[in-house]
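The values are calculated or read from the model by the stated rules, or taken from the named source; none is laboratory data. Values in this document were obtained by computation on a predicted structure and should not be read as measured data. So basically every Cβ, Gly included, is an ideal-geometry build from the backbone, and we count neighbours across all protein chains shown.
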Amino acid sequence: MAKTGDEVERQLKNMISFILAEAEEKAKEINFRAEEEFNIEKTRIVQEEKKRINEDFAQRMKSVEVQKKIAHSNQLNQCRLSSLKARETAIHNILAETQQKLVSLTQNEGQYKELLESLILQALLKMKEQEISIICREQDTALIESVVSNVVGKFKEKTNITAKITVEKKHRLAPGPKEGYKGPTCAGGVVLSALGGKILCNNTFEQRLALASEGLLPEIRAILFGATARK
């Protein structure tokens with residue numbers, strides 16, 4: 001039986017409705033998947049960006065901490081250097097005061113004469129040479145010449161060596177310190193020379209003070225700054 005025009009039209013409408021419904025369903029499915037993929041990708045991007053920001057922040061904080069530590073270390077080192085400088089200045093001042101006191105020894109002629117005799121004899125016993133030249137300050141020449149014979153006698157008693165001692169007139173030690181004088185100075189004492197200057201024994205006040213202070217430096221530091229400052 002042939003279909004009427006109305007039936008054909010109705011069937012066409014049904015087919016169109018079905019196709020449209022299918023298309024709409026597919027469109028919804030596509031949109032849903034697209035939305036889902038978009039959200040997944042968005043979440044991934046957000047998480048990666050958060051991670052990057054956190055890592056960047058952590059790196060910046062680490063850099064700040066490093067800079068703070070460097071600044072603290074520099075400040076600490078500066079304090080240590082200032083402390084060391086102050087300590088060295090204090091020690092230098094003590095040694096300078098000690099040297100001034102040594103200078104005062106030369107003002108007592110009798111005491112200084114005995115000291116010169118001891119210094120010369122000590123140097124002779126170290127050198128054990130027969131021909132010796134004494135280099136001294138010009139102002140001490142007379143005092144030294146007055147003790148030479150006594151020193152030679154004591155030296156012979158101890159070593160059985162007869163020494164021939166000459167007081168140098170050509171070569172001199174620097175003069176004693178005095179106000180207004182800016183050149184090199186010598187507080188006192190002698191230098192003994194043998195074998196044309198190949199053997200020297202420095203027994204000046206400055207040299208003896210340097211040797212004594214070097215040996216006593218740990219004790220001086222301990223007295224001034226406490227036991228922890230010995231080194």
Original post:
Given A90, A27, A23, which one is touching a residue at least 24 places away in the same chain (Cβ under 8 Å) and assigned to a helix (DSSP H, G or I)?
Top reply: A90
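Please determine, by comparing only the residues of the range 181-201 that are surrounded by fewer than 16 Cβ atoms within 10 Å (Cβ to Cβ) and assigned to a strand (DSSP E or B), which one is nearest to the chain's Cα centre (by Cα). Please lay out each step first, then the result.
Start the filter on the range 181-201 by keeping residues that are surrounded by fewer than 16 Cβ atoms within 10 Å (Cβ to Cβ), which leaves 181-184, 195-200.
Those left that are additionally assigned to a strand (DSSP E or B): 199-200.
On the way: I199: 36, L200: 34 Å.
Per the stated criteria, the residue is L200.
Residue-by-condition table, conditions (1) more than 21 Å from I161 (Cβ to Cβ); (2) assigned to a helix (DSSP H, G or I); (3) of a type outside the set (A, V, I, L, M); (4) in contact with a Leu (Cβ under 7 Å, 6 or more places away or on another chain):
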| position | (1), (2), (3), (4) |
| --- | --- |
| E97 | yes, yes, yes, no |
| Q100 | yes, yes, yes, no |
| G110 | yes, yes, yes, no |
| K113 | yes, yes, yes, yes |
| L116 | no, yes, no, yes |
| L119 | no, yes, no, no |
| L125 | no, yes, no, no |
| T141 | yes, yes, yes, no |
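Does V103 fit the bill of being within 30 Å of T141 (Cα to Cα) and not charged (D, E, K, R)? Break it down into steps so the answer makes sense when it comes.
Values: within 30 Å of T141 (Cα to Cα): yes; not charged (D, E, K, R): yes.
Judged against the criteria, V103 is a match.
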Original post:
Out of the residues in the range 177-196 that are modelled with pLDDT of 85 or more and small (G, A, S), which is nearest to K101 (Cα to Cα)?
Top reply: A187
